[in-house]
Amino acid sequence: MAIKVPASGPLNAKILIVGEAPGVTEEKLGQPFTGVSGEELTKMLHEVGILRSECFITNVCKVRPPSNDIDAFIWTKKKDIPVGFIKCLGKWVHPAVAEGLAELDAEIDRVKPTVVIALGGTALWALTGEEGIMKWRGSILYGRCGRKVIPTIHPAMILRQWDWRAIAVRALQRAKGEAELPEIRIPKYSFTLRPSYQAVQTRLNQLLVAASRGPLYLSVDIETRAGFIACVGLAWNRLEALCIPLMCIERLEGYWSEIEEEHITRTLQALLTHPNLKVIGQNFAYDSQYFAHHWGYLPNLSDDTMVMQHCAFPGIRKGLDFISSMYCKFYRYWKDEGKNWDPRTTPEDSLWNYNCLDAVNTFECFEVLSGVLRSLKRESVYDFQMHELHAPVLKMCLRGVLMDKNAKGKLSLELFDAMAKSEQWFIDILGQPLNPRSTKQMKELFYGDFNQKEILNYKTGNATLNDEALQKLAVKEPLLRPLVDAISDYRTLGVFQSTFVEMPLDPDGRVRTSFNIAGPETFRFSSSENAFGRGGNLQNIPGADKEGGNLPNIRRLFLPDYGYTIIDADLSKADAQVVAWEADDKELMQMFREGADVHSESAKIIFPGKKIIKDSYEYAIGKRFIHGTNYVATARGLASKCGITVHESERGQTRWFQAHPKIKEWHTRISLQLQTTRTVY
Ligand code: URA
């Protein structure tokens, strides 16, 4: 007989918390959230000042599903619906869930909480009918019950992914504030949609007058369609915004007459380039590419909320929906209104409203983030990123590089030939064709015919033959090395073909990229296709194959502009020098000063007794090994990267640190600094 775990808590609670279903501990103790998830929940509630004892706590389903897996009780597939399941809220569910839903409704009716907290996707669905907890978390919604619902991440999920804890705590903080009043205080937005010509010009001129009196912050956001600017949203505070439509579904020639559009775009340019105007944007490098391409100017960008978030919390998400969920007083996920806008079913006003919401939310995030950066003392970091790096980097994106079309065509043929040769080589040595792109054929060959032990992908748990797995196989079975190298070259040739030869150029024959200065958490840039979907990553362009292989030099495809020269400026052994000086390793420093061949000396440490010749295999591996070790790579990780055994790798690291104890000390010093101050100088 299934054991039912009833709800618990005071009947006059202002906060009602809904989980999914009880687990083993809850079943034993007869109370919801008494196991590990419950402990975490209690801690998080207390952190934001909510007393657990003052909350009414319940679950969507009052009995424990088999193996604690709710999917056994809520059928997500369309087919094979188990006998006895009942349709509830658009899904087929076990009778225990149907009963739980009815009980939940009755509990909410009885307790009459001011706010209901939905923990996880099942509770979100049960209370609102919505799907996708990561999308909706932190939103202030109305539930089916007519009461305020705030969904957040389930504590069990936080125990698996610790970074999400702060996000969940933020939603609980919001719930605490919202518990004061039963109604939702939706901000009183004043959005101008479908404006007349007069209304646009009047507003733009008012803003121009304001700018002429002193600094004026204006949040700007564009929506684009088919490579064109569909509308421009402007917000001058957290509530007021104007959407200037340009494209219009109802009038294919555009929202305005030609002359009206000309006047409006001219006034807009006067405003956005006014010296006192301080444009605030979110990922404005994208918008800037459109302004430059279609209108030939760049708005006076002052602040970018994406860069602000990056400087405040590197490595944490920085999309507008995410940062709004953290910083806006009122937040309700709205991004689907723009992303999924379908002109066949929804009036364009919905897109224009979305555009205004983006603009006001950006404005509010900017104001809050300014304070966050101040309190974290990151203003100087942000100032450098935004006010020194942004403009020259954008200039590089807009300028692009000329590509040699003939060389590109030639390279395509070369790649084809090289791949055909490899295919023939596979036939010669295997006695049958091999397509390295076919997972099935690769698995049959390595795990079937060659009987190798399967290497599993640690995320999916499935057998894999990705590049890393292949390298591991070659380390374990050296006879496979030539085949593994040929397969990895073949794959690289394919990547060259799809990445560089097929990279779409701009109509002027140049290739452009979008550099993102708010890229990875290490503060390097990321580089991807430009705002028009052309070009690509221009940061990792392979040069001549230094390891003596046959891979082509892709850098040859790029041409300098007339009167210019392309230089390859790469400080010799820069990384190793920085490490020597940072670690204050006197011996290494002296070697650099004397111009000694440091890499040869390093290679001798892992290949003791071997004569190291410059640019030999051992030299290259030694260089890679020491570089990795200096950057705290593990012996195991380096073994697969360098094609040596784990034992050799461990021995190499021990020897290296014995010879250079100062580097080890430097590692310890930096980790301690990071752990205690989150800052490194
Ligand atoms: N998880 C839930 O969703 N509910 C509980 O009661 C315990 C764990």
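Listed residues ALA210, ALA168; which is in contact with a helix residue (DSSP H, G or I) (Cβ under 9 Å, 6 or more places away or on another chain) and in a helix (DSSP H, G or I)? Quick ask: steps written out before the conclusion?
Working: ALA210 fails: in contact with a helix residue (DSSP H, G or I) (Cβ under 9 Å, 6 or more places away or on another chain).
Being in contact with a helix residue (DSSP H, G or I) (Cβ under 9 Å, 6 or more places away or on another chain) and in a helix (DSSP H, G or I) holds for just one of ALA210, ALA168, which is ALA168.
Which pairs do you get when a residue that is farther than 21 Å from VAL24 by Cα and touching a residue at least 12 places away in the same chain (Cβ under 8 Å), found in the range 36-52, comes within reach of a residue that is within 10 Å of the ligand (Cβ to nearest atom) and outside any helix (DSSP H, G or I), reach meaning Cβ atoms under 9 angstrom, with the pair 6+ apart or on two chains?
If the second residue must be within 10 Å of the ligand (Cβ to nearest atom) and outside any helix (DSSP H, G or I), the pairs left are LEU45/ILE17.
Kindly provide the set of residues from the range 602-617 that are open to solvent by 40 Å² or more (accessible area, probe 1.4 Å) and not basic (Lys, Arg), ordered by number.
PRO608, GLY609, ILE613, ASP615, TYR617
For the subset of the range 62-73 comprising residues that are within 13 Å of the ligand (Cβ to nearest atom) and over 16 Å from GLY38 (Cβ atoms), which member is most open to solvent (accessible area, probe 1.4 Å)?
My answer is ASP69.
Quick one: count up the residues across the range 39-59 that are within 21 Å of LEU101 (Cα to Cα) and either within 8 Å of the ligand (Cβ to nearest atom) or open to solvent by 40 Å² or more (accessible area, probe 1.4 Å) (or both). Can you show your working first?
Of the residues in the range 39-59, the ones within 21 Å of LEU101 (Cα to Cα) are 55-59.
Still in the running and either within 8 Å of the ligand (Cβ to nearest atom) or open to solvent by 40 Å² or more (accessible area, probe 1.4 Å) (or both): 57, 59.
Total meeting the criteria: 2.
Can you list the helices (runs of 4 or more DSSP H) lying wholly within the range 607-681 that have 2 or more residues being within 30 Å of GLU477 (Cα to Cα), touching a residue at least 12 places away in the same chain (Cβ under 8 Å) and β-branched (Val, Ile, Thr)?
617-630
Looking at LEU505, is it part of a loop (DSSP other than H, G, I, E, B) and at pLDDT 90 or above?
Considered against the rule, which asks whether it is part of a loop (DSSP other than H, G, I, E, B) and at pLDDT 90 or above, LEU505 comes out as yes.
Would you point out the residue of the range 1-35, among those that are in contact (Cβ under 8 Å) with a residue 40 or more places away in the chain and among the β-branched types (Val, Ile, Thr), that is farthest from the ligand (Cβ to nearest atom)?
ILE15
Would you mind stating whether GLN452 is of a type in the set (S, T, N, Q), under 13 Å from ALA486 (Cα atoms) and either modelled with pLDDT of 95 or more or open to solvent by less than 70 Å² (accessible area, probe 1.4 Å) (or both)?
Answer is no for this residue.
Tally the residues that are among the small types (Gly, Ala, Ser) and within 30 Å of THR513 (Cβ to Cβ), restricting the search to the range 423-454.
The number of residues fulfilling the criteria is 0.
Identify the single condition in (1) in contact with a Lys or Arg (Cβ under 6 Å, 6 or more places away or on another chain); (2) within 25 Å of CYS88 (Cα to Cα) that ALA179 does not satisfy, given that it satisfies every other one.
Checking ALA179 against (1) in contact with a Lys or Arg (Cβ under 6 Å, 6 or more places away or on another chain); (2) within 25 Å of CYS88 (Cα to Cα), the one that fails is (2).
In the range 105-149, how many are within 16 Å of the ligand (Cβ to nearest atom) and basic (Lys, Arg)?
Matching residues across the range 105-149 total 1.
If you scan the range 591-601, which residues turn out to be open to solvent by 20 Å² or more (accessible area, probe 1.4 Å), in a helix (DSSP H, G or I) and more than 19 Å from LYS664 (Cβ to Cβ)?
Correct list: PHE592, ARG593, GLU594, HIS599.
Could you check, for the range 423-432, whether at least one of its residues is among the β-branched types (Val, Ile, Thr), more than 29 Å from VAL646 (Cα to Cα) and open to solvent by 20 Å² or more (accessible area, probe 1.4 Å)?
As a first pass, look at the range 423-432 and keep what is among the β-branched types (Val, Ile, Thr): 427, 429.
Restricting the remaining residues to those that are more than 29 Å from VAL646 (Cα to Cα) gives 427, 429.
Now restrict to residues that are open to solvent by 20 Å² or more (accessible area, probe 1.4 Å): 427, 429.
For the range 423-432, residues among the β-branched types (Val, Ile, Thr), more than 29 Å from VAL646 (Cα to Cα) and open to solvent by 20 Å² or more (accessible area, probe 1.4 Å): present.
For the range 392-412, how many residues are assigned to a helix (DSSP H, G or I) and in contact with a strand residue (DSSP E or B) (Cβ under 6 Å, 6 or more places away or on another chain)?
Number of matching residues: 2.
Look through VAL495, VAL484 and report the one residue that is aliphatic (A, V, I, L, M) and closer than 30 Å to ASP561 by Cα. Break it down into steps so the answer makes sense when it comes.
Working: VAL484 fails: closer than 30 Å to ASP561 by Cα.
After applying the criteria, what remains is VAL495.
The values are calculated or read from the model by the stated rules, or taken from the named source; none is laboratory data. Predicted model, so just to flag it, every value in this text is computed and none were measured. When we count neighbours, we look across all protein chains shown, and the Cβ atoms used for this are built from the backbone with ideal geometry, even at glycine. Keep in mind that these areas ignore ligands, DNA and RNA; they rest on the heavy atoms of the full protein, side chains included. Shrake-Rupley method; radii C 1.70, N 1.55, O 1.52, S 1.80 Å.
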